[in-house]
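Visitor: Here's a structure for you.
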Amino acid sequence: MKKNKSGFTLLEILVALALLVIVVGLSAFLYAKAARLRKLITYQNEIQNELNAMITEITYGSRNTIGLEFAHDVKNDLQNPCYELGLYDKTKGETVFYLISPGMNSGMPSNLPTTDTDTTLWQAKTNLTGVPARNSGYWKLIDVNKSIQLASGTQFIYYKITSAGLKQIDNLQLETPDAVKITLIGKSNDPSLKTRPQTIATTLVRVRNKLPF
C-alpha cells in the first residue's frame, strides 16, 4: 500500500515566491507613495503657515503702527517692483522697516537688489532717520528657522486711493502711498522639493485712519 507524500512541489514553491515578491513590492511602492504624499502635504502646510506668519508680523506685529510712512525701490529703478516698506509706530516713536532680500545664510541682508537662493523677509526697528544700513545689525530674520525661501515675484506694490478705486503708484518720489499689496511667494529649502509648485500668500494693508475702500 502506497503512502501519500505531503509537501509542495518545486513549481508551487516558485509560484508562491513570485506572488510574495509581487505583494511585497506593491506594498513598498504604496508605502513610498503615501510617504511622499505626506511629505508634500506637510511641506505645503509649513510654507503656508510661515508665509501667513510673515504677513501677520507685518500687519499686526506692531500694534500701534499707523501705516505707510516710507518706501523706496532698492533697485533705484522706478519701473520695477518695490522690495522695501516702512511702518511708523507712533507710541514708540520708531519706524518698522521690512525688506525682501537675499542674505539668509550670511545673517544680514545683501546689497544685491534681486531675489536669490536664500532670499527672505527682514525686519528692522529703529528711531533713527532713514533706512538702517544692511550691515548695521538692526535687520533680523522673520523666519528665524530659515525654513523657507522667498521666490521671484515676492514684492510690495503701492497704491493711491482714488474715487475710481485703487491706482498703482509708479513713482514713489512723487506720490505718497495709501495702501500696499503684500505678495509673498515661498518654496521649501529641501532640494528634493525644488520642483514642487510655489505657495503664495497675499494681503492688502492700508494706512490707518484712512477712509475704507
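No value in this document is a laboratory result; all are computed from the given coordinates. As the structure is a prediction and not an experimental result, all values here were calculated from the model. Don't worry about glycine lacking a Cβ; one is built from the backbone with ideal geometry, like all the others, and counts go over all protein chains shown.
Visitor: Please give the length that would be gained between Q198 and I41 if that part of the chain were fully extended, namely 0.36 nm times their separation in residues minus their C-alpha to C-alpha distance (nm, one decimal).
Guide: So the extension gain works out to 55.2 nm.
Visitor: Step through the residues of region 140-154 one at a time and calculate ³J(HN,Hα) from phi using the Karplus curve (6.51 cos²θ - 1.76 cosθ + 1.60, θ = phi - 60°), rounding each to whole Hz and writing x for Gly and Pro.
Guide: 10, 6, 6, 8, 5, 7, 6, 7, 9, 10, 8, 9, 4, x, 5
Visitor: Work out, step by step, the length gained on full extension between A16 and Y31: first 0.36 nm times the residue separation, then minus their alpha carbon distance; give nm to one decimal.
Guide: 3.2 nm
Visitor: Counting only residues 5 or more places away or on other chains, whose amide H sits under 5 Å from the amide H of E94 once H atoms are built in the peptide plane?
Guide: For E94, whose amide H was placed from the backbone, the distant partners under 5 Å are D89.
Visitor: Additional query: Taking every pair of alpha-carbon atoms in region 120-213, give the share separated by more than 23 Å as a whole percent.
Guide: In whole percent, the share of Cα-Cα pairs in region 120-213 beyond 23 Å is 45.
Visitor: Could you pull out which residues in region 5-49 have an amide N less than 17 Å from a spot 7 Å beyond the Cα of D190, following the Cα-Cβ vector?
Guide: 31-49
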